[in-house]
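Asker: Once you've had a glance at the structure underneath, I'll fire off some questions.
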RNA sequence: GGGCGGUUAGCUCAGCUGGUAGAGCGCCUGCCUUACAAGCAGGAGGUCGCUGGUUCGAUCCCAGCACCGCCCACCA
């Protein structure tokens, strides 16, 4: 074996024998090499401007990888790998989120299976139970991300409940409290009876339900009749404290200031005037329940009305509801109240009513609005700088529209954020009480008699600190200096408000810096049938089943198993099929990715097993026009790929690379190169060096998107010393377990043929414009067009694919490339001979087919006629267009000129057809 | 109720600043051509949702309409 092929014999044998790429055999092994070499961990050196950082949206500790993670991870990994290849210290901050409610619910369910409730074991034991759960289940998502090839800094994992992180959270709470931005208030909140906790506005979703609208008569105190109100929640009448009408509503103006008597209760209700009341809705008279309706709450405060809580936090009626109803659930109370009213003949009508009601995003239960003492964060002052950052272009969404507007609209109408949660799992508030005293501080106050607030913080509160708390903030750590502010935050649109905007607000407020500058928003992937992907609906697809094979979920009626497409295939498929638009999951794109991996593998076999030994990749060895052509095309794809990736257009990059590699490199260049490659009688150095260079460059360009297969093939390449030592350190140096070439200690290639570095840290190519060769592109473009034309003709004329047709080239502009036309169109070119039996127009002239048994011109006559008709149609159209004076006068000159030459071309073609 | 997005080949989707459209899969025909049948060659298939308008010219710009979807919102 020659020096420059530092690949062990049995590995070469594998390359020779394997005609199919098997991702399952390769991917885990390649991943292990990266990890061992330490490529995922950059040392905290340099500053944030030179380094590149992405904070991963931390998955829930107990979560499993779903399609959204797979897509987002593919995007982030591509960007991180790109940056790493560009020589930047690339840190992909890794960690998981404690996910308050989600995790607590899971552990509660586990307890329930044992027949116990969390109250049975107490708070401390319960929290310990959650930690245990995390130790058991927390690693699953990590393994899944690894299987995907995500180059996260796994060794530096964070958890939002780590001690250091918790310190940061307490620090923030105290700081914002002292600034007056966090405060405690008795206010109307969204009470979720399912989780028995208050939740924020963002965790409420509207669901349409079928309801009944009741018309209830409230007698007037004066005895002169009654006033009728409409409600869908009769049980809340027990907490009514007024009736409101619109001041301009003539039906009721005389009643304003009067008093009605609340049925069943007997409370005196003032009739007040308020603009809020719509005259045309219901009866135009609105019962006011400040304790259980957000609107009524506002109206109540405006009019100084009493606030009565008739429904408690347990969802049952309180003593304030009266003896008859206390203890009933709200639903029971409704039936009872209606029954009682009917007895007194006070229900004057009902009608079916479909409307949206607020429900808990978490538990699904209908929100019970009630007044509660909770902690709030005032967002108004935090929003200003976050708005300015976007308006001044310092923070950019991709695509800009519509997300910039969505973000700004929300911030401009922002409301206070209820941050306290009545849960056990989470960051307990750093707040202590003793009588009327309140202490807010990182530590418990001195002295006896203090009790700590049992509530915890909304999970999103701690998530909002993610980009800096993970790096050691508020301490001044090397990590913080090296990696903060970060660069990119990639996510789907559903957490722009919940997370992105809050990170921006708190990041600016606390660190004085924007936590990141670019926010690519990616597709939400729907099930193949267009519904949401959801496990419970049976519409979910497990990414791991696509990678390693697994059962098709119920959305696929045909059932069966997914083939083991591999991680690279899934990555390609997701990137290629996603944009900013929601998309249906498209298995075909994953298949396309698998096929591309396979194509890479086989094209590499052709090249690696065929090239002259001892030759290194080089772009300077071109000897034929097709060499200059492919090198030129290579520079163009290099330029386009970098541009697309830098604009976060991963889909365009993936598809463009596919097209280049498959259609240009494999279909045309490899075919043109074969004669030289296979001719052992001549010096094959030039073609070998060029082929190797094409492969080398293709692997680099594809690596961010398909890291495993490219890394695997890279290991077979003889090396050329274009790689610089990498900036970040690494552990490396241990004994490799397989037959792969050793990874140099300190990683990165120093360039010796036997000590090649990993592709993961190889240099990202920069397009070299000097290799753009318009002449070669023109020439080879002609050959391609001519070959295609001839193949079509042959096929239509029924010529056997294997037959060689005698022919004469009667066209200009094929110097130095006619042999490709001859070979790829299966011709035998002659200069002399009989009269042409058929003439096929090609760029620059025609190819004349000479009479032969293999070819019957009559068989193609019909097809020729069809073609003539098409041409005539085109010619007529163009003639009309060019005869149209306004067009010739007003259209740009080059457009008109283009149409003219098109017309000339068609005319020439038609003439040749005879 | 307000806002946003979508409607392009049988399916899933591309299409930058206007010059009559592309990909993958599927389909048809022919090839086991010494990298790859997860392949190769060729082909069929679209009045770019509808109606107007601007323009020499519109899938692309404007207006209206029709469906589909999403987000926001305190009408009982």
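The values are calculated or read from the model by the stated rules, or taken from the named source; none is laboratory data. Computed from a prediction, not measured in an experiment: that's the story for all the values here. Using ideal geometry, Cβ is built from the backbone for each residue, glycine included, and neighbour counts are taken over all protein chains shown.
Asker: Filter segment A:641-664 for residues that are closer than 29 Å to residue A:819 by Cβ and more than 8 Å from RNA strand B (Cβ to nearest atom) and give the result.
Answerer: A:660, A:661, A:664
Asker: Ok, one more. If a residue counts only when it is more than 48 Å from the chain's Cα centre (by Cα) and touching a residue at least 60 places away in the same chain (Cβ under 8 Å), which strands (runs of 3 or more DSSP E) contained entirely in segment A:817-914 have at least 1 such residues?
Answerer: Answer list for segment A:817-914: A:838-842, A:845-849.
Asker: For residue A:828, only one of the following conditions fails: (1) within 22 Å of residue A:775 (Cβ to Cβ); (2) modelled with pLDDT of 90 or more; (3) touching a strand residue (DSSP E or B) at 6+ places or on another chain (Cβ under 8 Å). What is its number?
Answerer: Failed condition: (1).
Asker: While we're on this one: Would you confirm whether any residue within segment A:671-681 is over 30 Å from residue A:818 (Cβ atoms), within 16 Å of RNA strand B (Cβ to nearest atom), surrounded by 18 or more Cβ atoms within 10 Å (Cβ to Cβ) and at pLDDT 95 or above?
Answerer: no
Asker: Mind checking which residues of segment A:172-183 are over 32 Å from the mean Cα position of the chain (by Cα) and part of a helix (DSSP H, G or I)?
Answerer: Once the filter is applied, which keeps residues that are over 32 Å from the mean Cα position of the chain (by Cα) and part of a helix (DSSP H, G or I), segment A:172-183 yields A:174, A:175, A:176, A:177, A:178.
Asker: Which pairs do you get when a residue that is assigned to a helix (DSSP H, G or I), found in segment A:666-682, comes within reach of a residue that is near RNA strand B (Cβ under 10 Å from one of its atoms), reach meaning Cβ atoms under 7 angstrom, with the pair 6+ apart or on two chains?
Answerer: A:666/A:599; A:666/A:603; A:668/A:784; A:670/A:603; A:670/A:606; A:671/A:824; A:677/A:610
Asker: Taking residue A:214 as the residue in question, decide whether it is touching a helix residue (DSSP H, G or I) at 6+ places or on another chain (Cβ under 6 Å), at pLDDT 90 or above, part of a strand (DSSP E or B) and farther than 17 Å from residue A:371 by Cα.
Answerer: yes
Asker: I need a count of the residues in segment A:758-781 that are within 30 Å of residue A:87 (Cβ to Cβ) and in contact (Cβ under 8 Å) with a residue 12 or more places away in the chain.
Answerer: Of the residues in that region, 15 qualify.
Asker: When the residues of segment A:551-565 are narrowed to those that are out of contact with any strand residue (DSSP E or B) (no Cβ under 9 Å at 6 or more places or on another chain) and more than 24 Å from residue A:524 (Cβ to Cβ), which ends up surrounded by the fewest Cβ atoms within 10 Å (Cβ to Cβ)?
Answerer: A:558
Asker: What's the number of the only condition in (1) within 18 Å of the chain's Cα centre (by Cα); (2) more than 12 Å from RNA strand B (Cβ to nearest atom); (3) closer than 17 Å to residue A:70 by Cβ that residue A:518 fails to meet?
Answerer: Going through the list (1) within 18 Å of the chain's Cα centre (by Cα); (2) more than 12 Å from RNA strand B (Cβ to nearest atom); (3) closer than 17 Å to residue A:70 by Cβ, residue A:518 breaks only (3).
Asker: Return a yes/no flag: does segment A:567-581 have any residue that is more than 15 Å from RNA strand B (Cβ to nearest atom), surrounded by fewer than 24 Cβ atoms within 10 Å (Cβ to Cβ) and outside any strand (DSSP E or B).
Answerer: No, there is no match, as no residue in segment A:567-581 is more than 15 Å from RNA strand B (Cβ to nearest atom), surrounded by fewer than 24 Cβ atoms within 10 Å (Cβ to Cβ) and outside any strand (DSSP E or B).
Asker: Among the residues of segment A:650-665, write down those that are under 25 Å from residue A:490 (Cβ atoms) and in contact (Cβ under 8 Å) with a residue 40 or more places away in the chain.
Answerer: The answer is A:650, A:651, A:653, A:654, A:655, A:657, A:658.
Asker: Can I ask one more? Condition test on residue A:626, is it crowded, with 20+ Cβ neighbours inside 10 Å, farther than 21 Å from residue A:717 by Cβ and touching a helix residue (DSSP H, G or I) at 6+ places or on another chain (Cβ under 8 Å)?
Answerer: yes
Asker: Would you confirm whether any residue within segment A:26-37 is within 26 Å of residue A:481 (Cα to Cα), more than 17 Å from the chain's Cα centre (by Cα) and crowded, with 22+ Cβ neighbours inside 10 Å?
Answerer: yes
Asker: Taking segment A:538-554 as the region of interest, how many residues are away from RNA strand B (no atom under 12 Å from the Cβ), in a loop (DSSP other than H, G, I, E, B) and either touching a helix residue (DSSP H, G or I) at 6+ places or on another chain (Cβ under 9 Å) or within 19 Å of residue A:583 (Cβ to Cβ) (or both)?
Answerer: 6
Asker: Just checking: which of the helices (runs of 4 or more DSSP H) contained wholly in segment A:97-162 hold 2 or more residues that are within 22 Å of the chain's Cα centre (by Cα)?
Answerer: A:140-148
Asker: Anything in segment A:349-372 that is away from RNA strand B (no atom under 14 Å from the Cβ) and part of a strand (DSSP E or B)? List them, or say none.
Answerer: Of everything in segment A:349-372, those that are away from RNA strand B (no atom under 14 Å from the Cβ) and part of a strand (DSSP E or B) turn out to be A:370, A:371, A:372.
Per-residue answers, yes or no, for (1) farther than 24 Å from residue A:375 by Cα; (2) in contact with a strand residue (DSSP E or B) (Cβ under 9 Å, 6 or more places away or on another chain); (3) at pLDDT below 95:
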{"site": "A:449", "(1), (2), (3)": "no, yes, yes"}
{"site": "A:461", "(1), (2), (3)": "no, yes, no"}
{"site": "A:466", "(1), (2), (3)": "no, yes, no"}
{"site": "A:471", "(1), (2), (3)": "yes, yes, no"}
{"site": "A:478", "(1), (2), (3)": "yes, no, no"}
{"site": "A:481", "(1), (2), (3)": "yes, no, no"}
{"site": "A:488", "(1), (2), (3)": "yes, yes, no"}
{"site": "A:492", "(1), (2), (3)": "yes, yes, yes"}
{"site": "A:496", "(1), (2), (3)": "no, yes, yes"}
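Asker: Name the pairs: first residue in segment A:283-299 and at positive phi, second residue in a loop (DSSP other than H, G, I, E, B), Cβ to Cβ under 6 Å, at least 6 apart or on different chains?
Answerer: Cβ pairs passing all conditions: A:284/A:249.
Asker: Still on this structure: Give the number of residues within segment A:583-635 that are part of a helix (DSSP H, G or I) and more than 14 Å from RNA strand B (Cβ to nearest atom).
Answerer: 9
Asker: In segment A:781-813, which residues are at positive phi and within 12 Å of RNA strand B (Cβ to nearest atom)?
Answerer: A:798
Asker: Turning to a different aspect of this structure: So which pairs qualify, if the first residue must be in segment A:594-611 and closer than 15 Å to residue A:697 by Cα, the second must be assigned to a helix (DSSP H, G or I) and within 7 Å of RNA strand B (Cβ to nearest atom), the Cβ gap must be under 6 Å, and the two must be at least 6 apart or on different chains?
Answerer: Short answer, once both residue conditions are applied: A:603/A:666.
Asker: With a cut-off of at least 3 residues that are more than 11 Å from RNA strand B (Cβ to nearest atom), name the strands (runs of 3 or more DSSP E) lying wholly within segment A:231-298.
Answerer: Filter on segment A:231-298 gives A:259-261, A:268-273.
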